[in-house]
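Q: Just dropping this structure here.
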Amino acid sequence: MNVPADASTPPKPLTHKRVLKIAGPIVLSNATVPLLGIVDVGVVGQMGEAAPIGAVGIGAIILSSVFWIFGFLRMGTVGLVGQAEGAGDRAEVSAILTRALMIAGVGGLLLISLYPVIVWAAFSWDPTSEEVEVLAREYLFIRIWTAPFAIAVYALTGWLIAQERTGAVFWVQLLMNGLNISLNFLFVLGFEWGVAGVALSTAIAEVVGAAVGFWFCRNAFDRPDWRDWGRVFDRARMIKMALLNVDILIRSALLVAMFTSFTFLGAQFGDVTLAANEVLIQFMYLTAYAMDGFAFAAETLIARAYGRKDPARVRRSAGLTSIWGLGICTGFAVLFFVLGPVFIDVLAKDAEVQAAGRVYLPWMIAAPVVGCAAWMLDGIFIGAARGRDMRNMMIISALIYVVAVIVLIPIFENHGVWLALLVSFAARGITLGVKYPALERAAGD
């Protein structure tokens, strides 16, 4: 059982070995997430048509976008639990998990009730073909029912990450995504259920993932603090959690809006361009999920340093994790430069999609390097629970993105779609970087 350390206990040394111990299981488990996306695209790609690929891409981005609005549960939970761990507040560590799971349950049921609104909003301005839209609606209807489970996974993994129990997170993700991939092959290639088979595979895996996450978090329920309702509903603690979560929610909603708009903006140039963008975006997800391991390490280590009110440990944590993050991003850029065309051909059998993918590949080669600072600083600010800074800097970055979209797309078409996305990455990194010195100083307050 992992028991929180007392605040008076000497902290563990901050070393590269410790960073890798936290990040390694996350990198390995997250490798299955883009692999899942690749399999989703790959199995429907074997049908030899662009429409099913586009439908899975559109459906997945809509549902992932809606679910990830509740990603504040993972991010906020890491920061709050990590700081409670650093301060030695054992009771609060358990109480936070209860609050987070209650939000997940209510939020999931709310999304199910709002399903007609979600579909209407998604397709009211949709430029995709009728065939793509029909298939995407089928995908959405199947997956919406597991919303409470999908959102609960955010809270459960955030709680585990905050305690440096990333090995448990590894097994949650591995079992969930491994099951999803296996069912994809069975339902799509075996039973020939097409897009519906992809959706059903994901729905089943999300329920299983939540169950496995609960099992790994069972030690939170060994202490009575998880059901100490006076603490769970303590006004001051609830307000603190609510304000942090609202700030992260706004930040996440804007980020999701940018990625969602990327898909739809590319769709206006035809099904082939939409499919090519969907194939290439899998490369970006691969990079981001590998980066998450070191961003999560930054979250955990900086949260604990904040709990101990130690600015020097904040600086050391940020530096160690960022070195590894930069190395990962550079490595993926080189990988995409060398093997990008091969990956495109594996994921799509349609010759037009393959050709279009090669045209836009240079943007995907540049993306890891341009986005590195933004991804690492996100982890640093999450660990410090600096939700207001994340919100404000994302608002500025989103406005810059909108301007880039308005200016660049009419001139460069789909190249402008990619360039606008990279401009948003750079804006996020620069704006958060400007705020970092204040974050470090505040650790000692």
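The values are calculated or read from the model by the stated rules, or taken from the named source; none is laboratory data. Predicted model only: the values in this text are computed from it and were never measured. Cβ atoms come from the backbone with ideal geometry, glycine included; neighbour counts cover every protein chain shown. The protein model used for the area step is the full one, side chains on, heavy atoms only, and it has no ligands, DNA or RNA in it. Shrake-Rupley method; radii C 1.70, N 1.55, O 1.52, S 1.80 Å.
Q: Would you be so kind as to identify which of Gly54, Gly107, Phe187 lies farthest towards the positive end of the dipole of the chain, taking Lys and Arg as +1 and Asp and Glu as -1 on Cβ and the Cα centre as origin?
A: Gly107
Q: So with the 1.4 Å probe, I'd like the accessible area per residue for the range 135-250, rounded to whole Å².
A: Values: 5040 Å² over 116 residues.
About 43 Å² of surface per residue is accessible.
Q: Still on this structure: Please report the net charge: other residues with Cβ closer than 14 Å to the Cβ of Asp389, K and R +1, D and E -1.
A: Values: positive: Arg251, Arg386, Arg388, Arg391, Arg428, Lys435, Arg441; negative: Asp247, Asp378, Glu440.
Neighbour charge sum, excluding Asp389 itself: +4.
Q: Which value in Å is the Kirkwood Rh of the range 237-297 over different Cα pairs?
A: Answer for the range 237-297: a Kirkwood hydrodynamic radius of 13.9 Å.
Q: I would also like to ask the following. Report, in debye and to the nearest 20, how large the dipole of the chain comes out about its Cα centre when Lys and Arg carry +1 and Asp and Glu carry -1 on their Cβ. Write down the numbers at each step before the final one.
A: On the way: 32 positive and 32 negative charges, 433 e Å.
With only Lys, Arg, Asp and Glu charged at Cβ, the dipole is about 2080 debye.
Q: So which residue, out of Gly230, Gly293, Gly108, gets the largest mean-square fluctuation from a GNM of the chain using Cα contacts under 10 Å as springs?
A: Of the options given, Gly230 has the highest mean-square fluctuation.
Q: For helix 16-30, what angle does its Cα long axis make with the longest principal axis of the chain, in degrees from 0 to 90 and rounded to 10?
A: 40 degrees
Q: Have a look at Gly79, Ile118, Ala351 and report the one farthest towards the positive end of the charge dipole of the chain, computed about the Cα centre with Cβ charges (Lys/Arg +1, Asp/Glu -1).
A: Gly79
Q: Further question: Using a simple charge model, +1 on the beta-carbon of Lys and Arg, -1 on the beta-carbon of Asp and Glu, nothing else, what dipole does the range 386-445 show about its Cα centre, in debye to the nearest 20?
A: Values: 6 positive and 4 negative charges, 39 e Å.
With Lys and Arg at +1 and Asp and Glu at -1, about 180 debye.
Q: Could you look at the chain and say what percent of its accessible area is carbon and sulfur, using a 1.4 Å probe and all protein chains? Walk me through the numbers on the way to the answer.
A: Details: 12060 of 17260 Å².
Whole-percent figure for carbon plus sulfur exposure: 70.
Q: Using the 2.2 N^0.38 Å rule of thumb for compact globular proteins, work out how the range 205-258 stacks up: its C-alpha Rg over that value, please.
A: Values: Rg = 15.5 Å, N = 54, 2.2 N^0.38 = 10.0 Å.
It is 1.55.
Q: I would also like to ask the following. Assuming a viscosity of 1.002 mPa s and a temperature of 20 °C, what translational diffusion coefficient in µm² per second does Stokes-Einstein assign to the range 210-349, Rh being the Kirkwood radius over Cα pairs? List each step's numbers first, then the result.
A: Working: Rh = 19.3 Å.
The Stokes-Einstein estimate is 111 µm²/s.
Q: Tell me the angle of helix 351-383 to the major Cα principal axis of the chain, expressed in degrees between 0 and 90 and rounded to the nearest ten.
A: The angle comes out at about 10 degrees.
Q: Kindly flag which residue pairs out of Lys17/Lys435; Lys21/Lys309; Lys21/Lys435; Lys12/Lys435; Lys309/Lys435 have an alpha-carbon separation exceeding 25 Å in this structure. Could the numbers behind the result be given before it?
A: Numbers: Lys17/Lys435 28 Å; Lys21/Lys309 23 Å; Lys21/Lys435 28 Å; Lys12/Lys435 27 Å; Lys309/Lys435 18 Å.
Pairs exceeding 25 Å: Lys17/Lys435; Lys21/Lys435; Lys12/Lys435.
Q: Using a Gaussian network for the chain with springs between C-alpha atoms less than 10 Å apart, which of these wobbles most: Ser424, Ser65, Ser182?
A: Result for the chain, Cα springs under 10 Å: Ser182 fluctuates most.
Q: Could you check which residue among Arg235, Arg223, Arg137 shows the biggest mean-square fluctuation in a GNM of the chain with a 10 Å Cα cutoff?
A: Arg235
Q: Right, next: For the chain, what is the mean residue ellipticity at 222 nm derived from helices alone (per DSSP H run of n ≥ 4: -39500 (n - 2.57); sum divided by total residues; nearest 500 deg cm²/dmol)? Could the numbers behind the result be given before it?
A: Numbers: 17 runs with 368 residues, N = 445.
Per the formula, -29000 deg cm²/dmol.
Q: Given charges of +1 on the Cβ of Lys and Arg and -1 on the Cβ of Asp and Glu, with all other atoms neutral, how large is the dipole of the range 254-393 about its Cα centre, in debye to the nearest 20? Kindly include the intermediate steps, with their values, before the conclusion.
A: Working: 11 positive and 10 negative charges, 197 e Å.
For this selection, approximately 940 debye.
Q: In Å², and per residue, what accessible area does the range 261-387 have when probed at 1.4 Å with the other protein chains present?
A: 33 Å²
Q: Next up: What percent of all Cα-Cα pairs in the chain falls in each 20 Å bin, counting up from 0?
A: Over the chain, the share of Cα pairs per 20 Å bin runs 26, 59, 14, 0 percent.
Q: Express in whole angstrom the spacing between the alpha-carbon centres of the range 306-338 and the range 382-445.
A: Computed from Cα coordinates, the inter-centre distance equals 18 Å.
Q: Using only Cα atoms, find the angle between the long axis of helix 194-216 and the longest principal axis of the chain, and express it within 0 to 90 degrees, rounded to the nearest 10.
A: In the chain, helix 194-216 runs at an angle near 10 degrees to the longest axis.
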